[in-house]
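Report on one structure; see the data block that follows.
Derivation of every value follows stated rules applied to the coordinates shown; laboratory data play no part. What you see is a predicted model; the values in this text were computed from it and never measured. When we count neighbours, we look across all protein chains shown, and the Cβ atoms used for this are built from the backbone with ideal geometry, even at glycine.
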Amino acid sequence: MKCSYCSKEGIADIYGKCYCEEHFNKYFLGRVRSIIDKFGIDGRIAVALSGGKDSAACFYALHSLNLELQPFYINLDIPDYSNACQKKAEELCNLLGYKLEVIELNEYGISLAKKKKPCSTCGTAKRYLMNKFAYENECKYVATGHNLSDVITFAFNNLANVNILNFRGNKPYLEGKEEYKMVAKIKPLYWLKDKECMLYAYINKLPYADEECPYAINAPTLKIKEWIHEIEGKQPGIMVNMAKSFWKLEDLMSRDINLNKCKKCGYASYGNICKFCKIRKR
Ligand code: AMP
Ligand code: FES
Ligand code: ZN
Ligand code: ZN
């Protein structure tokens with residue numbers, strides 16, 4: 001089929017329109033730019049690279065929009081995985097002319113291999129270290145590669161686990177709070193689905209790792225993601241509407257009232273001691 005905007009061959013069908021490579025790139029950047037413009041993003045952005053397709057796409061899109069970027073990678077020391085991902089993140093940075101900063105989780109005395117629930121520890125550690133890195137490197141924002149598919153999956157997973165009080169992470173922008181050393185968080189790929197991010201990484205020849213984290217191979221969220229994409233296939237656009245609803249819901253149930261400063265490290269915490277310091281102590 002021909003592109004809906006020019007005479008070239010189409011490579012993607014999105015919400016009833018057909019796109020050639022050039023117009024798909026324009027569409028993709030337009031979706032990212034809409035987030036940047038809506039929240040007036042201006043200033044240094046720490047870009048969290050996982051070595052995967054989404055954060056590669058996120059980084060490349062922000063780079064194409066000429067924003068000021070500082071890429072970083074957290075090495076979680078997962079055998080046969082972490083070093084391979086770091087290599088891809090390094091390749092991408094070399095290609096685009098940046099220096100990748102690397103944070104080593106084991107320097108904090110934490111080993112995921114020794115944890116009963118490595119994914120949960122990993123999530124806490126990543127969130128903490130991303131914020132700390134951005135704060136210490138004078139970045140105004142942390143950008144992650146979370147896309148529309150991730151946001152909806154995460155929200156449904158919370159619903160499925162009666163975790164409604166923890167209903168956070170559904171918005172593309174979370175304000176920073178200087179007194180809690182909390183840097184603002186952005187999800188530039190908020191309006192873009194898994195497949196679109198994959199296609200963007202592919203046509204722009206971005207290096208990324210295909211490996212899945214060995215701890216996450218049977219994660220229940222994978223089934224939820226499949227199910228959501230199935231519904232989207234039958235009713236295109238439903239994921240965008242769901243995201244708008246979850247965004248509104250989160251606004252209605254803001255949890256800032258309970259925010260404290262961790263007694264050990266001084267970063268934000270919902271109790272006296274933050275989750276990261278508790279993990280370190282164990
Ligand atoms: P995940 O939590 O694996 O779904 O990843 C979501 C986003 O978090 C990615 O798109 C990255 O932006 C970021 N991220 C995940 N793992 C790492 C890592 N090891 N180092 C830095 N950023 C990461
Ligand atoms: Fe964190 Fe797999 S990447 S446990
Ligand atoms: Zn075209
Ligand atoms: Zn702490």
Exercise for review: Report, to two decimal places, the Cα Rg of region 51-118 normalised by 2.2 N^0.38 Å (N = number of residues).
Suggested key: 1.25
Point to revise | Karplus-derived HN-Hα couplings along region 98-104 (A = 6.51, B = -1.76, C = 1.60, θ = phi - 60°), whole Hz, x at Gly and Pro | key: 10, 9, 7, 8, 10, 10, 9
Point to revise | Residues whose placed amide H lies under 5 Å from that of Asn75, excluding near-sequence neighbours | key: Ile103, Glu104, Leu105
**Study point:** Table column - 3J(HN,Hα) (Hz), region 108-122, Karplus curve with 6.51, -1.76, 1.60, x for Gly and Pro
**Key:** 9, x, 10, 10, 4, 4, 8, 9, 5, 10, x, 5, 6, 4, 4
Practice item. Evaluate the distance, in nm, between pseudo-label points positioned 7 Å from the Cα of Met1 and of Lys177 along their respective Cα→Cβ axes. Key: 4.7
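What's the tally of Lys pairs in region 204-282 whose alpha-carbon atoms lie under 14 angstrom apart, where the two lysines are 8 or more places apart or on different chains?
Number of lysine pairs found: 8.
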Review point. Which whole-number percent of Cα pairs in the chain have a distance greater than 26 Å?
Key: 45
Point to revise | J(HN,Hα) series, region 49-56, from Karplus relation 6.51 cos²θ - 1.76 cosθ + 1.60, nearest Hz, glycine and proline x | key: 9, 9, x, x, 5, 5, 5, 5
Revision key, fill the gap. With -39,500 (n - 2.57) per DSSP H segment of 4 or more residues and division by the full residue count of the chain, the 222 nm estimate, nearest 500 deg cm²/dmol, is -14000 deg cm²/dmol
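Please report the equivalent ellipsoid semi-axes of region 112-230, computed as sqrt(5 x eigenvalue) of the Cα gyration tensor, largest first, in whole Å.
Listed largest to smallest, the semi-axes of region 112-230 are 23, 20, 17 Å.
Fewest to most neighbouring Cβ within 10 Å: what's the order for Asp54, Asp80, Asp13?
Values: Asp54 24, Asp80 8, Asp13 12.
In increasing order of surrounding Cβ atoms, one gets Asp80, Asp13, Asp54.
At 4 °C and 1.567 mPa s, what whole-number value in µm²/s does Stokes-Einstein give for the translational diffusion of region 15-86, with Rh from the Kirkwood sum over Cα pairs? Spell out each step's value before the answer.
On the way: Rh = 14.0 Å.
Estimated diffusion coefficient is 93 µm²/s.
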Exercise for review: Amide H neighbours of Leu69 under 5 Å, at least 5 residues apart or on other chains, H built in the peptide plane: list them.
Suggested key: Ile45
Practice item. Please report the Cα spread of region 2-54 along all three principal axes, rounded to whole Å, starting with the longest. Key: 39, 27, 17
